[in-house]
Amino acid sequence: MGVPTVPLITARFKELVTTISYKKGIPNMRITYTPHPITDRPRDLCDKYVQGADPNTGQPLLEEIYGGLTRPLSTEDAAPGFLKRDPRTRLLPSDTPENLLAYFHQQGFTDGNAIILPTERKVEEMLKGTSRQPDEWVGQMRPSPPHEAWYYTVEMVAVNAVMVGAKPEYFPVILAIASKGLTSMFSSTSSFARMVVVNGPVVKEIGMNTSIGALGPNNQANSCIGRCWTLISKNLGGSGKPGETYLGSQGNQLNYNNLCCPETEDGLPAGWEPLHVQKGFKKTESVVSLFSGWSFNDIAWYSPLPQHEVIRGWLEHFFSFGTTQATLVLDPLVAADVAAKGYPTKEAFAKYLAENTGTPGWLYWSQNTEALKQAQAGVEPYAGWLKQGPGAVVPVSRYLRRAGPRGGGFIASLTGKDDPTTIEVVVTGGGTNTFWSGGDFGYAGSASVDQWR
Amino acid sequence: MKGSRRFFLKSGATGMGAAALAGLPALPAFAAAPEKQEKIVVMNPRGIQPDIRKIPMAARPATLDGKTVYIVDVKYPNTKPFADALLAGLQAKYPKTTWIWRPKAAGYMDDDAALWKEIKEKNAAAIVMLGH
């Protein structure tokens, strides 16, 4: 900003703020901390906080702020220049396997599970899975926007692929994921999860499980590829250090494997395109598609209602951190049932869902403060909806992608019949029952596997 | 059943006897782990961290008397009581300074270039108040 500034932060985030200040090039930023949290605290308690001390320094809070704005700068704080990082060495100092394994865990190079030590010989073997040169750049990745991006080569990705026990033939799939530069451990106080779906000939070539238990720990390729995304995020994308580069309050079990699965393309109903074809690739291409969300439900509902109506009802009342997008993962049996009810494509089914889901009143009003103000001022149709109470369903779908001001919720358009939906449909599973899964995942992009062969 | 159990126990439940009994392929002969491990060299799994360009901090005035300081509120949900308490506390303790509470535009993750410009043009200082 170019003016004297003191950030006032709650004490719980000291490690994070110290790290971010350094990464932003102000290593000695003058920060004052308040007790944590300050949200939802009554005024009398807030007065005590303000009249009290910074919990991290013990200094009176107001005096510390004043001092931060007036104390003369040191020569170092006033000078431009660069903060040098430790140079990266290609090899680590030699040690016994036992000590090295302990070191890898200690340094946060792993996900806490057993790994294979990446010797040069094993990495060379992994590199045989691609025609790309070891020193070619693959991409850059960061834990979240305030952090700086780290860079990585083909060889660096191979090191991580070895660590999770991947076979060389999986390597192009892993490189394609890495090329997207999307961390699987996004740093937010909400605990993000990711999903990766593999399509195309590579699925059969590397023996991924598209059938019974496709989403479970039952197949080396499904397991290693999904797990590798997290190690890449930690080691190549600088993510996943709790308190500094990872803030998810509870964390997310899905980060262990990132819901890695292939789509069961031969189980798609006639007319339903594979996911990668929907995203503009040819059917003969091999592709990874990435999704971002938070939570995932596994559902079987034996009801007299047909599946498409059960799914519609679930979507209407589904509530999680991310309530404006959804990805459905249907068993081929469910996909066939849905298609038979008159949905010739995935898009047609998503459109039906988006156009026929409302939003529970309590959720709508809690997320749409502008609409609430208008309702309270008697503006229709909002006032009428509000009168029906928090248990009534407001006829506005959360699953239509509407343009509108940020932070205003989904009030922007009440028509939007032709807006694209935020619902994705993937088909996988072994057809042992009419199960389906779904969660608040949104599509985050696809990458060609073939380019990394 | 009883007889099988006796046989299993007599076999010592080790090596091929137990494996054969369980219908599993024979295990290789047990080899004791070496007491001393050889040192090996492994590759670094980490990527490249870029150097960081330093941002010099803005020069500080000796006093805030007669100056204006903005309390920039990023509007983290339900923190207004704290903002009110902070403003009141600063006004009472440092009355020769003008303290202005100002909510930042849009959501807490959005930029507010107009406000930063206003603060700079007034040669003021700022306290940026972040949740949680």
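Values computed for the structure shown
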item: Residue match in the stretch A:202-221 (condition: touching a residue at least 24 places away in the same chain (Cβ under 8 Å), on the phi > 0 side of the Ramachandran plot, assigned by TED's automatic domain parsing to the domain that holds A:GLN278 and crowded, with 24+ Cβ neighbours inside 10 Å); result: no
item: Near pairs, Cβ below 9 angstrom, 6+ apart or cross-chain, from the stretch B:39-61 (more than 25 Å from A:SER74 (Cα to Cα) and free of Cβ contacts under 8 Å to residues at least 12 places away in the same chain) to any residue that is surrounded by 15 or more Cβ atoms within 10 Å (Cβ to Cβ) and of a type in the set (Lys, Arg); result: B:VAL42/A:LYS122; B:MET43/A:LYS122; B:PRO45/A:LYS234; B:ARG46/A:LYS234
item: Of all residues making up the stretch B:75-96, the number that are more than 7 Å from chain A (Cβ to nearest Cβ), out of contact with any strand residue (DSSP E or B) (no Cβ under 6 Å at 6 or more places or on another chain) and surrounded by 15 or more Cβ atoms within 10 Å (Cβ to Cβ); result: 2
item: Subset of the stretch B:56-70 that is at the interface with chain A (Cβ under 8 Å from one of its Cβ atoms) and surrounded by 16 or more Cβ atoms within 10 Å (Cβ to Cβ) - its residue that is nearest to A:SER21 (Cα to Cα); result: B:MET57
item: Candidates A:LEU45, A:LEU8, A:LEU61 - the one that is surrounded by 13 or more Cβ atoms within 10 Å (Cβ to Cβ), touching an Asp or Glu at 6+ places or on another chain (Cβ under 6 Å) and at the interface with chain B (Cβ under 9 Å from one of its Cβ atoms); result: A:LEU61
item: Yes/no for B:ARG46 being surrounded by 17 or more Cβ atoms within 10 Å (Cβ to Cβ), over 26 Å from A:ALA11 (Cβ atoms) and at the interface with chain A (Cβ under 9 Å from one of its Cβ atoms); result: yes
item: Whichever residue in the stretch A:379-397 is under 17 Å from A:GLU355 (Cα atoms) and of a type in the set (Val, Ile, Thr) and, among such residues, is surrounded by the fewest Cβ atoms within 10 Å (Cβ to Cβ); result: A:VAL393
item: Sole residue being surrounded by fewer than 24 Cβ atoms within 10 Å (Cβ to Cβ) and either hydrophobic (A, V, I, L, M, F, W, C) or within 22 Å of A:SER448 (Cα to Cα) (or both), chosen from A:GLU285, A:GLU263, A:GLU244; result: A:GLU285
item: Residues (touching a Phe, Trp or Tyr at 6+ places or on another chain (Cβ under 8 Å), more than 11 Å from chain B (Cβ to nearest Cβ) and hydroxyl-bearing (Ser, Thr, Tyr)) located in the stretch A:224-256; result: A:THR230
item: Set A:THR110, A:THR189, A:THR183: member being free of Cβ contacts under 8 Å to residues at least 60 places away in the same chain and among the β-branched types (Val, Ile, Thr); result: A:THR183
item: Residue match in the stretch B:105-125 (condition: assigned to a strand (DSSP E or B), within 7 Å of chain A (Cβ to nearest Cβ), surrounded by 17 or more Cβ atoms within 10 Å (Cβ to Cβ) and not β-branched (Val, Ile, Thr)); result: yes
item: Candidate set from the stretch A:367-378 (those that are of a type in the set (Gly, Ala, Ser) and surrounded by 13 or more Cβ atoms within 10 Å (Cβ to Cβ)); member that is modelled with the highest pLDDT; result: A:ALA375
item: In the stretch A:168-185, the residues that are hydroxyl-bearing (Ser, Thr, Tyr), touching a Gly at 6+ places or on another chain (Cβ under 8 Å) and either farther than 20 Å from A:ASN255 by Cα or not in a helix (DSSP H, G or I) (or both); result: A:THR183
item: Test for A:THR210: is it closer than 24 Å to A:GLU265 by Cβ, part of a loop (DSSP other than H, G, I, E, B), modelled with pLDDT of 95 or more and in contact with a Gly (Cβ under 8 Å, 6 or more places away or on another chain); result: yes
item: Inter-residue pairs, beta-carbon under 9 Å, first more than 7 Å from chain B (Cβ to nearest Cβ) and in the stretch A:80-107, second among the charged types (D, E, K, R), 6+ apart; result: A:ASN99/B:LYS39; A:TYR103/A:ASP95; A:GLN107/B:ARG46
item: Elements of type helices (runs of 4 or more DSSP H) in the stretch A:93-167, at least 2 residues being closer than 26 Å to A:PHE186 by Cα and at pLDDT below 95; result: none
item: Residue within the stretch A:398-413 that is out of contact with any helix residue (DSSP H, G or I) (no Cβ under 9 Å at 6 or more places or on another chain), at pLDDT 85 or above, surrounded by 12 or more Cβ atoms within 10 Å (Cβ to Cβ) and within 14 Å of another protein chain (Cβ to nearest Cβ) present; result: no
item: The stretch A:414-429 - residue that is assigned to a loop (DSSP other than H, G, I, E, B) and modelled with pLDDT of 90 or more and, of those, farthest from A:TRP365 (Cα to Cα); result: A:GLY429
item: Hits in the stretch A:187-206 - residues which are part of a loop (DSSP other than H, G, I, E, B) and closer than 22 Å to A:VAL159 by Cα; result: A:ILE206
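For every residue, the table says whether it meets (1) more than 7 Å from chain B (Cβ to nearest Cβ); (2) part of a loop (DSSP other than H, G, I, E, B).
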| residue | (1), (2) |
| --- | --- |
| A:ILE20 | yes, no |
| A:ASP40 | no, yes |
| A:VAL50 | no, no |
| A:TYR66 | no, no |
| A:LEU73 | no, yes |
| A:GLU76 | yes, no |
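The values are calculated or read from the model by the stated rules, or taken from the named source; none is laboratory data. Keep in mind the model is a prediction, meaning the values are calculated, not measured. Ideal geometry is used to build each Cβ from the backbone, glycine not excepted, and the neighbour counts take in all protein chains shown.
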